[in-house]
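Visitor: Below are the structure tokens for one structure; questions will follow.
The values are calculated or read from the model by the stated rules, or taken from the named source; none is laboratory data. In this text the structure is predicted, and so the values were computed from the model without any measurement. Heads up, the Cβs are rebuilt from the backbone with ideal geometry, glycines too, and the neighbour counts pull from every protein chain shown. Areas reflect the complete protein model, heavy atoms only, side chains present, ligands, DNA and RNA absent. Shrake-Rupley method; radii C 1.70, N 1.55, O 1.52, S 1.80 Å.
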Amino acid sequence: MLRIDRVYQALSKLWFDKTINDLEEMQGTPALELAKALAISRANTSLELNKLMRDGRVIKVTTYPVRFLPKEGMEALLDKTLNDVTEIQTVAEIIGSDQDKSEVNTDMRRAHSKNPFDQIIGYQSSLKKVISQAKAAVYYPPSGLHMLLLGQTGTGKTFFAEKTYEYSQYEGLLAEDAPFKSFNCADYYNNPQLLMSQLFGYAKGAFTGAESDREGLVEKADGGILLLDEVHRLPPEGQEMLFYFIDNGTFNRLGESGIKRHSKVLIICATTENPESALLKTFVRRIPMTIQIPSLSERSIEERVELTTFLFGQEAKRIKKTIRISIDVINALVHATTSGNVGQLKSMIQLVCAQAFLKSIHRFEEVDIDIRSLPEEIREDWMSSRENLARAMTISKYVDVVTVIHPEKVTVAPAASTDYNIYDALDKKMAVLEDEGLSHTRIKQTMLDELQLYLKKYVKNYDSTLNLLNFVDKSIVDFVTDLKGIAEAEMGVKFDRRFVYFFAMHIDAYFARGEKVNLLVEQEIDHFKKDHGLAYQVAERFKLEVFNTFHHSLPDIEVAYLAMLLVNMETESTDQKIGILVAAHGNSTATSMVNVVTELLGVAQIDSLDMSLAMTPQEMFEAVVDKVKKLNMGKGVLLLVDMGSLSMIEPKLVKASGIEVRIIQNVTTVMVLDAVRKAAYTDRTLMNVYDSVKRDFLAAVRAQKTSKGRPKAIVSICMTGSGTAKKVESLLNDIVERTTDEDVRVLTLSALKIKEDMPKILANYQVLASVGTKNPKIEAPYISLEKLIEGSGTNMLTQILTKGEMSEVDNKSQNYVIRDLCADMLETHLVYLNPRLMLDFLLKWTDQVQQECQMNFQNATLIKLIIHSAFAFERVIKEDALAYEDIASEPTLALLPIVSKTLLTMEDGLNLRLSQGEKLFICEILAEATSVS
């Protein structure tokens, strides 16, 4: 939502239920009040309100302070048109006489009930068609049309059915007390008789245990709506009974004969499957209105941003704390392929908030959510994306750099109020238990139970590809994995994957809190040891491991807490496996590899796809999608391919199959053996197996190249062999990675050991170039550190790597050099602004400046511009802008329009304005660069 629309919406909401007496008393709303409500600056709020006044949507009251009124709301309140009114001195000018007020008060006190469909995000865009279909269905005479809702899991089919019910009541088509009944056909899929008895009821004696007559859902829903979710699970005989009821409006209870019962019900069916193949055709023909609910990926960026901020708002209300959300988080969630649909996005946001909440439970009144709060999988996807800047610029149209959500400004959605509230369990319950004087052990045990209940509910219902272990630091995940092995060995049990979830979250939260807790008395610990000696013994071992790894001594209460967690931890096996698909060109290439592997290792979750050269790319893709779906057993599929376009289809394949997929090319039988061994005989995620197989394969390739000939290398030289050289090594690796597909290594060498170590390097490597602080005087070209930073050295290195075939890659490499050199300084010294986002903004800005000046600046100038401008924006927040006290030169003043023009987009995005003085300092840097040129 654009900022101007947010301002107008907030103003309209403030005046929605106001009376004429309120209008006379308040005279309107000042800009400052709106600014505080929206958490944006007063200046920007005033700017948008004045734009709205010029557009004729807002009335300006020129009192002191100036106030504003929503014109549409005033027209409704006063029952008159105010077409030409944009500015007034007092509200008396629009209210009129006492007689007018009396007529308004008697005639215009209508109810302010809202259309339920208008409350749905996307009702005027992506959901406009489906809402129109639903309206047509419920209005169709005499009693509406039955509906079939189609859509992926989590798209909101049940939510839409509930809104259809509310709309029918709103329009008076259903009585206020009309029932809404929901039934999931999958709950009784394996027992058709019980399923039918739930729908149609049963007579006494109909089956064993039927001790009395019982009405079914069809009767209970009489006069209202019946939602049949997962209707494809309804057996054929059930579908036949249902369409008989649809045709005649009559039915029999199970075990009943000679009695015709009547019920007037509007039926809404929902399914994730293709109705043509999953339902009887005779049944489908009786559901005339089919409505396709769009998936999250099919909805606009604006809608996805609005949905994300809305869901964060619900969490702020439940936490009862202000939430500050970085634009990076919204950017990552909105574009994450793993976010799935609305239901999954909601679960993701709840977990992000839960993790952030746990870390701030005793220390902060606000909860900060930044990119580190996200699961590792989504965070890495965000960090590796080259489209982040463009995406951030797009999203900045709808949200600020930091979105601040105050709980008192959020309206709780009806569905949110019924969710299990982990925040109350951890926060309010702690306060209540402490007030009751319970012991620390009892309090910790109770809170542990609450957390376990929530996590178990999450693990049961949530997609296994987004594991809780991704929410904590990798070092803790690895450490807890080791603890799992210790516990299994000493306790003689096999813990499932939830062991890592529970212990990783607890240990991570413990380190983050850093609080000191009171120790349990010795009697309590002795009592627990007596009852659960083995668990406590293992927890003591955990304490030792924590000390050895993190050099931190756990207090006794934490040891007891870990022991409690061990006692309460369930052991449960899982049938989830990683699938492996080998796809190769030829009549039997892939099949041969798979046959060898299965003969050596036995049965595995693996399949082959032999692709003839006559197959079209689309045919290959469809065949791969089909195989991936069949192979998936909950942990994704690793695709090993030989060559060609298959190695490039990963994003498209994930979208088409809805399954997590990773692809490795240049498949060999040895690679397939390695992949099957790691997937089948170790408890690993798909990403673990993918990284391990790929790493081992690359190591083998390098070893092979070494045996055949000397590998290529670039030498990074510094006085110490570390420090600057390590930074240069990082820069060089970036350039190599983005310039060539060849295996070129970067070797770090101390300038003090050139004579000693360089001959060894030359004997073992083909040195393409040396880079650094000292010329080693070898045959390969030397690039000084100054030239690398200045830019010409980057171009020279690019030419060496591409053998003179220059392309756009040289500019990109230069850009990465600048990024790497600026990133450390910004991350170290920026306090209020997001260093990564600022760097993206400023890199794009320097490109615009160079275009406007029709020049390409040296790296030194670009770095100076970026660093100075970043801190200039930081000074705006600190209200400590630099004053320009000199008389500006003509070249400096001539550049001011260019600087002001190019900075405008960034100023709007950051919601910050640089002073004229700060801009003149930037102009001086540009003037110096242009004069040198």
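Visitor: Going by the structure shown, is residue 339 among the hydroxyl-bearing types (Ser, Thr, Tyr), out of contact with any Pro (no Cβ under 7 Å at 6 or more places or on another chain), open to solvent by less than 10 Å² (accessible area, probe 1.4 Å) and at pLDDT 80 or above?
Guide: In short, no.
Visitor: Looking for whichever is in contact (Cβ under 8 Å) with a residue 40 or more places away in the chain, outside the structural domain of residue 345 (by the TED database), of a type in the set (A, V, I, L, M) and at negative phi here; the options are 199, 194, 173. Which one fits?
Guide: When all the criteria are applied, what remains is 199.
Visitor: I want to confirm something. Restricting to the range 536-554 and keeping residues that are within 16 Å of residue 487 (Cα to Cα) and of a type in the set (Phe, Trp, Tyr), which single residue is modelled with the lowest pLDDT?
Guide: Step by step, filter the range 536-554, then rank; the result is 536.
Visitor: What's the total number of residues in the range 555-597 that are among the hydroxyl-bearing types (Ser, Thr, Tyr) and either modelled with pLDDT under 75 or closer than 23 Å to residue 687 by Cα (or both)?
Guide: Residues in the range 555-597 being among the hydroxyl-bearing types (Ser, Thr, Tyr) and either modelled with pLDDT under 75 or closer than 23 Å to residue 687 by Cα (or both): 4 in total.
Visitor: Same structure, new question: In the range 128-139, what count of residues is obtained for those that are in contact (Cβ under 8 Å) with a residue 40 or more places away in the chain and open to solvent by 10 Å² or more (accessible area, probe 1.4 Å)?
Guide: Within the range 128-139, residues that are in contact (Cβ under 8 Å) with a residue 40 or more places away in the chain and open to solvent by 10 Å² or more (accessible area, probe 1.4 Å) number 3.
Visitor: I'd like the residue in the range 734-752 that is assigned to a helix (DSSP H, G or I) and either open to solvent by less than 20 Å² (accessible area, probe 1.4 Å) or modelled with pLDDT of 80 or more (or both) and, out of all such residues, is nearest to residue 773 (Cα to Cα).
Guide: Top of the filtered list is 751.
Visitor: A further question follows. Take the residues in the range 64-84 that are part of a loop (DSSP other than H, G, I, E, B) and farther than 24 Å from residue 43 by Cα, then tell me which one is most open to solvent (accessible area, probe 1.4 Å). First the steps, then the outcome.
Guide: Initial filter on the range 64-84 (part of a loop (DSSP other than H, G, I, E, B)): 64-66, 79-84.
Pick out the ones that are also farther than 24 Å from residue 43 by Cα and you get 79-84.
On the way: 79: 99, 80: 71, 81: 107, 82: 8, 83: 117, 84: 145 Å².
Checked the range 64-84; the qualifying residue most open to solvent (accessible area, probe 1.4 Å) is 84.
Visitor: If we keep just the residues of the range 530-567 that are over 35 Å from the mean Cα position of the chain (by Cα), free of Cβ contacts under 8 Å to residues at least 40 places away in the same chain and open to solvent by 60 Å² or more (accessible area, probe 1.4 Å), which is farthest from residue 495 (Cα to Cα)?
Guide: 553
Visitor: Follow-up. Need the failing condition index for residue 193 against (1) in a helix (DSSP H, G or I); (2) open to solvent by less than 70 Å² (accessible area, probe 1.4 Å), just the number.
Guide: (2)
Visitor: Restricting to the range 263-296, name every residue that is free of Cβ contacts under 8 Å to residues at least 24 places away in the same chain, farther than 22 Å from residue 130 by Cα and not basic (Lys, Arg).
Guide: Within the range 263-296, 277 is the sole residue that qualifies.
Visitor: A follow-up question, please. Residue 325 fails exactly one of the following numbered conditions: (1) of a type outside the set (Phe, Trp, Tyr); (2) over 11 Å from the mean Cα position of the chain (by Cα); (3) surrounded by 22 or more Cβ atoms within 10 Å (Cβ to Cβ); (4) part of a helix (DSSP H, G or I). What is the number of that condition?
Guide: (4)
Visitor: Restricting to the range 590-600, name every residue that is open to solvent by 60 Å² or more (accessible area, probe 1.4 Å) and in contact with a strand residue (DSSP E or B) (Cβ under 9 Å, 6 or more places away or on another chain).
Guide: Answer for the range 590-600, where residues must be open to solvent by 60 Å² or more (accessible area, probe 1.4 Å) and in contact with a strand residue (DSSP E or B) (Cβ under 9 Å, 6 or more places away or on another chain): just 595.
Visitor: Of these, 731, 698, which one is within 23 Å of residue 762 (Cα to Cα), modelled with pLDDT under 75 and under 32 Å from the mean Cα position of the chain (by Cα)?
Guide: 698
Visitor: I would also like to ask the following. Tell me, please, whether a residue that is closer than 29 Å to residue 686 by Cβ, aliphatic (A, V, I, L, M), at pLDDT 70 or above and out of contact with any Asp or Glu (no Cβ under 6 Å at 6 or more places or on another chain) can be found in the range 521-535.
Guide: no
Visitor: So which residues in the range 755-772 are of a type outside the set (Lys, Arg), farther than 19 Å from residue 734 by Cα and open to solvent by 20 Å² or more (accessible area, probe 1.4 Å), if there are any at all?
Guide: Listed by number, the residues that qualify are 756, 757, 759, 761, 762, 763, 764, 765, 766.
Visitor: Same structure, new question: Tell me which residues, restricted to the range 468-509, are farther than 18 Å from residue 373 by Cα, hydrophobic (A, V, I, L, M, F, W, C), at pLDDT 80 or above and buried (at least 17 other Cβ atoms within 10 Å of the Cβ).
Guide: Passing the criteria: 479, 480, 483, 487.
Visitor: Same structure, new question: Count, please, the residues in the range 12-58 that happen to be in contact (Cβ under 8 Å) with a residue 60 or more places away in the chain, of a type in the set (A, V, I, L, M, F, W, C) and open to solvent by less than 60 Å² (accessible area, probe 1.4 Å).
Guide: 6
Visitor: Something else about it: Between residues in the range 301-329 that are at positive phi and residues that are in a helix (DSSP H, G or I), which pairs lie under 6 Å by C-beta distance while being six or more apart or on different chains?
Guide: Every condition considered, the pairs that remain are 320/407.
Visitor: Hey, among the residues in the range 659-680 that are among the hydrophobic types (A, V, I, L, M, F, W, C) and under 18 Å from residue 588 (Cα atoms), which one's most open to solvent (accessible area, probe 1.4 Å)?
Guide: It comes out as 670.
Visitor: Could you figure out which of (1) in contact with a Lys or Arg (Cβ under 8 Å, 6 or more places away or on another chain); (2) in a helix (DSSP H, G or I); (3) open to solvent by less than 60 Å² (accessible area, probe 1.4 Å) isn't true of residue 198?
Guide: (1)
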